[in-house]
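The values are calculated or read from the model by the stated rules, or taken from the named source; none is laboratory data. Just so you know, these numbers come straight off a predicted model, no measurement behind them. Cβ placement follows ideal geometry from the backbone for every residue including glycine, while neighbour counts extend to all protein chains displayed. Accessible surface areas use protein heavy atoms only, side chains included; no ligands, DNA or RNA. Shrake-Rupley method; radii C 1.70, N 1.55, O 1.52, S 1.80 Å.
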Amino acid sequence: MHIVMTGATSGFGANAAARLAAAGHRLTIGARRPEAVDAAWEARALPLDLDDFASVDLFADALAAGPAIDALVLNAGLQTATLETTAAGHERTFAVNQLAHFRLLHRLLPHLAPGARVILTGSGTHDPAEKTPVTPPAHARAEWLAFPDRDPTLPKSARSRAFRAYSSSKLANIMTAREVARRRPDLSAMSFDPGYVPWTGLARASGTILSTLASLILPLLMKSDRKSSVELSGQYLAELAADPAYAAAQGDYWSVRTPALVRIAPSELARDDAACATLWDDCEALLGLAKA
Ligand SMILES: NC(=O)c1ccc[n+]([C@@H]2O[C@H](COP(=O)([O-])OP(=O)(O)OC[C@H]3O[C@@H](n4cnc5c(N)ncnc54)[C@H](OP(=O)(O)O)[C@@H]3O)[C@@H](O)[C@H]2O)c1
């Protein structure tokens, strides 16, 4: 299979990429540090900075000129300690995790092979019912997420604002997978909740001390089935990308419930078909994209 991945230079994404390469798949990896892509994978490593839509477009152009894509794995993501703004003027977590991936997906839709898989990495934090330590989403309005100063529901504390930007971006990822399934039933679209995976780079914006403490302490406070590892979540992400068992997804949400991977219902808002369609339209409008 020709598998295109983001977020393969660190964390469980790198573990998944190593497994896919070892299984003989042909990998194209978009990375802001292409030199960090393991040479042993014999992957095609291309520059991709999700903070910069021009970089997204160049990556999409390079892929469009190459072979059809059998699986598109949109796994890159970041979490900031406070709200930040990109050069384009959008809130950074939403811009990187959702808008840039949405732009890439939109550009690549015509280059996906028949039956291709589209996988977006979401998170259990998207669901208020999960009661994670991360402030849950209050809505999925793209305009308010891109421009938080317009959002009348914005939390008071800087940390809650950043946490909510993260959980909302992951909600948007999950809703996007569901909307791909509705718009393109010929594809196999799904989202992935890796569980809590300590010792990745995700919390690096909080500093080394806090992110080390989080990796040590959070697993002690969580239900055992919500704790995962780089190896387990890497294995499941690789299986979603290439195992024939997952070839017929219709917007499914797959969650690591250690030691299993289970298909469960996402949050109430993520299940709202009209909200998923509106989010898609609003992302297209925000990015100035023609309707797919
Ligand atoms: N860890 C968890 O508990 C957990 C739980 C739920 C969901 N997730 C999600 O899982 C995914 C992987 O996270 P992880 O925990 O493995 O974290 P990680 O080790 O920090 O990996 C994140 C990946 O995203 C890439 N990335 C970040 N910003 C980027 C940008 N602007 N342009 C291009 N690439 C960028 C990173 O590239 P660099 O190597 O260059 O930094 C890295 O490859 C994320 O989507 C995250 O939201 C994680």
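A few comments on the model shown:
- Peptides 247-256, 208-217 ranked from most to least packed, by the mean per-residue count of other Cβ atoms within 10 Å: 247-256, 208-217.
- Tail fraction, Cα-Cα pairs, region 148-206, threshold 14 Å, whole percent: 69
- Region 1-76 - percent of accessible surface contributed by carbon and sulfur, probe 1.4 Å: 50
- Electrostatic bookkeeping for K223 treats Lys and Arg as +1 and Asp and Glu as -1; over the other residues with beta carbon under 11 Å from its beta carbon, the sum is +2.
- Shape call, the chain: gyration tensor on alpha carbons, a/c limit 1.5: rounded
- Loop sites here are GluC sites (Glu not before Pro) outside DSSP states H, G, I, E and B with no more than 12 other Cβ atoms within 10 Å. The longest part of the chain free of them is 43-267.
- Rolling a 1.4 angstrom probe over the protein heavy atoms with all chains in place gives region 181-292 an accessible area of 50 Å² per residue.
- A247 sits among other residues whose Cβ lies under 12 Å from its own Cβ, and their net charge, with Lys and Arg +1 and Asp and Glu -1, is -3.
- All lysines inside 20 Å of K131 as judged from Cα atoms, apart from same-chain residues fewer than 8 positions distant: K156, K170, K223, K227
- Kirkwood Rh and Cα Rg combined as Rg/Rh, region 9-138: 0.97
- Seen from all directions on average, region 38-85 presents a Cα convex hull projection of 4.8 nm².
- Ellipticity estimate at 222 nm from DSSP helix runs (n ≥ 4, -39,500 (n - 2.57)) divided over the chain, nearest 500: -11500 deg cm²/dmol
- Rg/Rg_ref, region 194-250, where Rg_ref = 2.2 N^0.38 Å and atoms are Cα: 1.38
- Formal net charge of residues neighbouring R164 (Cβ-Cβ distance under 15 Å; K, R +1; D, E -1): +2
- Per-bin percent of Cα-Cα distances, region 85-221 [10 Å]: 11, 38, 34, 15, 2
- Region 141-247: translational diffusion in µm²/s, Stokes-Einstein, Kirkwood Rh over Cα pairs, 25 °C, 0.890 mPa s: 149
- Between region 148-219 and region 1-35, the alpha-carbon centres lie 21 Å apart.
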